[in-house]
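Input: a single structure, listed below in structure tokens.
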Amino acid sequence: MNLDEFLTKKLLASGSTAKCFILKSGNVFKEFNNPLDISDVERFKYFLNYENESFLFPFEFVCNNNKFYGYVTKKALGQTLEESFAYSNLEKLSAHLKKLEKNINYVSEGKIVMHDLHSNNIIYDGKLLQVIDPDEYAIRDFESVDNIKTINFKYNRIMVSNLFITNIGLNRNTEYILDRINSYKYSEVKASEFIIWIKEDMEKHYKETINTIDDFNNIVKR
């Protein structure tokens, strides 16, 4: 990072473990509240071998005196999936999840386990899902690729099912669908397929067209 960019950075967000700044270049600098050991840089550099349109891995690193202070990534466009899920078109979201799943498969082939794959770490602009914040990701050389794929797709499946659960209120009109969603957590169905399946199930059960979770919530509140 050149010195001018560092001096003119603007605060973008602040959390319990780090602060994120927008740079003049439009990229994002994430500065850890507590610096990591310099050895952690190698893990983040390894992730960059598997960067693709779905995963934004760090490409520049700020280090000094054997401490790792932060990194730079491209800026993802849109809102978090947590914020946008309720009013996102389910069919379009399914199509974008298929692309994400293809890239989860690719990242898994690098033996990278995606701990902390959370809906707050996925940015969605209605056209593309982009995953940020790989701080908790791990490289498991001792694990088979097939096992890592199973783990990562499980994380993705749980993340999507939790989005449904938190965006659908529990009452007598929603118990049927919530039971279906909870059972999905323990299936092998991919998230992109599940979204279409649950949309069709909701439409059949409630006898209305449902394009978004907001549509569904408006129906059951009548």
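Summary of values
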| quantity | calculated |
| --- | --- |
| Verdict on ILE181 being open to solvent by 40 Å² or more (accessible area, probe 1.4 Å), within 29 Å of GLU109 (Cα to Cα), hydrophobic (A, V, I, L, M, F, W, C) and out of contact with any Pro (no Cβ under 7 Å at 6 or more places or on another chain) | no |
| Filter result (closer than 19 Å to ILE104 by Cα and either open to solvent by less than 40 Å² (accessible area, probe 1.4 Å) or among the hydroxyl-bearing types (Ser, Thr, Tyr) (or both)) within segment 152-178 | ASN152, PHE153, TYR155, ASN156, ARG157, MET159, VAL160, SER161, LEU163 |
| Filtered residue count, segment 95-128, keeping only those that are outside any helix (DSSP H, G or I), open to solvent by less than 60 Å² (accessible area, probe 1.4 Å) and either out of contact with any Ser or Thr (no Cβ under 8 Å at 6 or more places or on another chain) or over 20 Å from GLU83 (Cα atoms) (or both) | 7 |
| Subset of segment 63-94 that is among the small types (Gly, Ala, Ser) and under 30 Å from ILE168 (Cα atoms) - its residue that is most open to solvent (accessible area, probe 1.4 Å) | GLY78 |
| Scope segment 184-219; condition among the charged types (D, E, K, R) and either in a helix (DSSP H, G or I) or closer than 14 Å to ASN167 by Cβ (or both); matching residues | GLU193, LYS199, GLU200, ASP201, GLU203, LYS204, ASP214, ASP215 |
| The listed residue being over 24 Å from PRO35 (Cα atoms) and among the charged types (D, E, K, R), out of GLU136, GLU109 | GLU109 |
| Whichever residue in segment 9-29 is basic (Lys, Arg) and in a loop (DSSP other than H, G, I, E, B) and, among such residues, is surrounded by the fewest Cβ atoms within 10 Å (Cβ to Cβ) | LYS24 |
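The values are calculated or read from the model by the stated rules, or taken from the named source; none is laboratory data. Computed from a predicted structure; not experimentally measured. In this analysis, Cβ positions are derived from the backbone assuming ideal geometry, glycine residues included, and neighbour counts consider all displayed protein chains. Ligands, DNA and RNA are stripped out before the accessible areas are found, and what is left, the full protein with its side chains, is counted by its heavy atoms. Shrake-Rupley method; radii C 1.70, N 1.55, O 1.52, S 1.80 Å.
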